[in-house]
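First comes the structure, then the notes that go with it.
The values are calculated or read from the model by the stated rules, or taken from the named source; none is laboratory data. Note that the structure is predicted; figures quoted are calculated from it, not measured. Cβ atoms come from the backbone with ideal geometry, glycine included; neighbour counts cover every protein chain shown.
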Amino acid sequence: MRLVTMRTPQGLRAGLLTNGRYLDICATRPDLPWSVKQLLELGDRAVSDLQQLPTLPNALYYEPEQVQLTAPIPDPPKVICIGLNYRDHAAESGAPIPAEPVLFSKFSSAIIGPEEPIRLPRVSREVDYEAELVVVIGKRGRYIAEDQARNYVAGYTIGHDVSARDWQLRKPGGQWLAGKTFDTFAPIGPALVTADEIRDPHRLSIELRLNGQVMQRSNTEQMIFTVDKLVAYISQVVTLQPGDLIFTGTPPGVGFARKPPVFLKPKDIVEIEIENLGILRNPVTAED
């Protein structure tokens, strides 16, 4: 299934992409919640309910031009990110291959959806792009065994770990959090693709295009730490909850490592495409 959050004439609604149209879930079944995160909180019983919706005679559909997609989960409880999780990206960054996952975070205020603008902060001149596979947690868990980790994954989406390198790398102490969590610095979408549709999350092509030019092109098989390892590792630190997001790291080709460096500027268009997940597209603007 492909779950979305869409802006409709009735407000924000969870939707189900079916044959090119978006089914309004709570309008079709008023006993079901309006948000994707709340649907995940219902657990396994929600799956059969959602699968039956297209068969109902009162199913309410919207054509794509009638709605605006937002972030599939606009209010995640946690946004957890992994640094240096592709060997060749670690090398281009001049960093050693990590022996354990490198964790940092973003605030939920950084989340935006497809076609929403990435706003370049007035206080940064080195805003970079990073294409990433994002894991969406579907079940609460702590101290999760690695061989059980997939049972806690609801699905996957595309993420963009926008990064202010001057803040991340040259502030006192190395301000990873500050450099990564400016408003609009975490686009995700266009849909949450449920785990049953992704046979192997470690064999997906991933590509970022800046104004049509390919800047990053790789495959998730190049990740150092697998989805299973990341879920298990993170769950030692925090209790994972439905709707939590895990940004799994970016492949090589980022702007600050290029010679000369390439940073985002107003009027740029960034597209990230991950196999079987779609395309996440965002324009870039200057902050007001």
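Picking from residues in the stretch 117-140 that are within 25 Å of residue 228 (Cα to Cα) and part of a loop (DSSP other than H, G, I, E, B), the one that is nearest to the chain's Cα centre (by Cα) is 130.
Of all residues in the stretch 90-116, those satisfying the criterion of being in a helix (DSSP H, G or I) and within 30 Å of residue 5 (Cβ to Cβ) are 108, 109, 110. Only residues that are surrounded by fewer than 20 Cβ atoms within 10 Å (Cβ to Cβ) and small (Gly, Ala, Ser) were counted in the stretch 1-34, giving 3.
Can we say residue 236 is among the polar types (S, T, N, Q), modelled with pLDDT of 95 or more, assigned by TED's automatic domain parsing to the domain that holds residue 97 and surrounded by fewer than 16 Cβ atoms within 10 Å (Cβ to Cβ)? It is true that residue 236 is among the polar types (S, T, N, Q), modelled with pLDDT of 95 or more, assigned by TED's automatic domain parsing to the domain that holds residue 97 and surrounded by fewer than 16 Cβ atoms within 10 Å (Cβ to Cβ). For first residues located in the stretch 8-35 and free of Cβ contacts under 8 Å to residues at least 12 places away in the same chain, partners that are of a type in the set (Asp, Glu) and lie 6+ apart or on another chain with Cβ distances below 9 Å form the pairs 31/49. In this entry, residue 51 passes the filter for residues that are outside any loop (DSSP other than H, G, I, E, B), more than 19 Å from residue 242 (Cα to Cα) and among the polar types (S, T, N, Q). Regarding residue 165, is this residue under 22 Å from residue 116 (Cα atoms), in the same structural domain as residue 246 (by TED's automatic domain parsing) and either surrounded by 15 or more Cβ atoms within 10 Å (Cβ to Cβ) or free of Cβ contacts under 8 Å to residues at least 60 places away in the same chain (or both)? Here the answer is yes, as residue 165 does meet what is asked.
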